[in-house]
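Below: one structure, written as structure tokens.
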């Protein structure tokens, strides 16, 4: 279903099948933002990228709090640091059935003030000869030369082989499940999160279809909450889910 890496070769989460995007997905432009009248910065966390990328949860240790043959629950506790200035606790639950994988995120703000919060996942799918995407959506965010989302343009529904696509974009107007198929599997990706990032690099053996809660770099928009970012009060929570149903092709 997802890209696999042998355990002995799993040197970082960037080689995994999927990781969470919390407390933001995409980028924080040039590693700085304003929130509630105060200026903040984030630290470099992705090679030499000028922006901070994908939050902090994908690079932190997690503790397994429960596991069985069909379920696992993990928790990540973050204290304020150079990468993110607000404390939070994040729980992630995996549930397997014979036909599906469901993943849930539950975020709780442990800071004494409201903090900006985004959720998402970054699944990697193996690129096969007949990998195909069919997704009903209607708007695309185009990027500047540095990779920051800058403006929306109309986007017809995607219905094409992955080899024909050249996306690294966030999309709006996502309706229904994203249909992912190839010569081996037929999959339906659904989520409670309203935006979708599609990444189809032509030089890699994988592609990504990522459900997220907000536009990349929403935190630097004039109205971040209008672009999906949430303001989560102290001790309050945010949550989301992703489900991947699979069948033989």
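Just so you know, all these numbers are worked out from the coordinates, no wet-lab data involved. These numbers come from a predicted model, not from an experiment. Cβ coordinates were reconstructed from backbone atoms using ideal geometry, including for glycine residues, and neighbour counts include every protein chain displayed.
Points to keep in mind about this one:
- For segment 67-178, Kirkwood radius (reciprocal of mean inverse C-alpha pair distance, Å): 17.6 Å
- Debye log10 I(q)/I(0) at q = 0.12, 0.28 Å⁻¹ for segment 91-146, Cα point scatterers: -0.61, -1.18
- For the chain, modelled as a GNM whose springs connect Cα atoms under 10 angstrom apart, the maximal fluctuation among 164, 38, 230 occurs at 38.
- Candidates 57, 178, 163: whichever shows maximal mean-square fluctuation once the chain is modelled as a Gaussian network with Cα springs under 10 Å: 163
- Ordering 193, 101 by the number of other Cβ atoms within 10 Å of each residue's own Cβ, fewest first, gives 101, 193.
- Taking N as its residue count, the alpha carbon Rg of segment 9-54 over 2.2 N^0.38 Å: 1.35
- If the segment from residue 223 to residue 6 were pulled out straight at 0.36 nm per residue, it would be longer than the present Cα-Cα gap by 73.8 nm.
- Linear extension gain, residue 249 paired with residue 111, 0.36 nm per residue minus alpha-carbon span: 45.0 nm
- Overall dimensions of the chain as given by Cα atoms, namely Rg and Dmax in Å: 17.6, 53
- Segment residue 47-residue 16, length gained on full extension (0.36 nm per residue, minus Cα span): 9.4 nm
- Counting only the Cα atoms, segment 5-120 fills a convex hull of 118 Å³ per residue.
- Cα-projected label distance for residue 59 with residue 203, points at 7 Å along beta-carbon direction, nm: 2.2 nm
- The base-10 log of I(q)/I(0) for segment 166-249, evaluated at q = 0.11, 0.13, 0.19, 0.20 Å⁻¹, reads -0.39, -0.52, -0.95, -1.01 [Debye formula, identical scatterers on Cα atoms, solvent excluded].
- Sorted ascending by nearby beta carbons within 10 Å, beginning with the fewest, 107, 171 become 171, 107.
- Simple spin-label estimate for residue 163 and residue 102 gives 3.7 nm between the two label positions (7 Å along the Cα-to-Cβ direction from each Cα).
- Across 17, 26, 118, mean-square fluctuation computed from a Gaussian network of the chain (C-alpha pairs under 10 Å connected) peaks at 17.
- Expressed in Å, the radius of gyration and Dmax of the Cα atoms of segment 116-232 are 14.1, 45.
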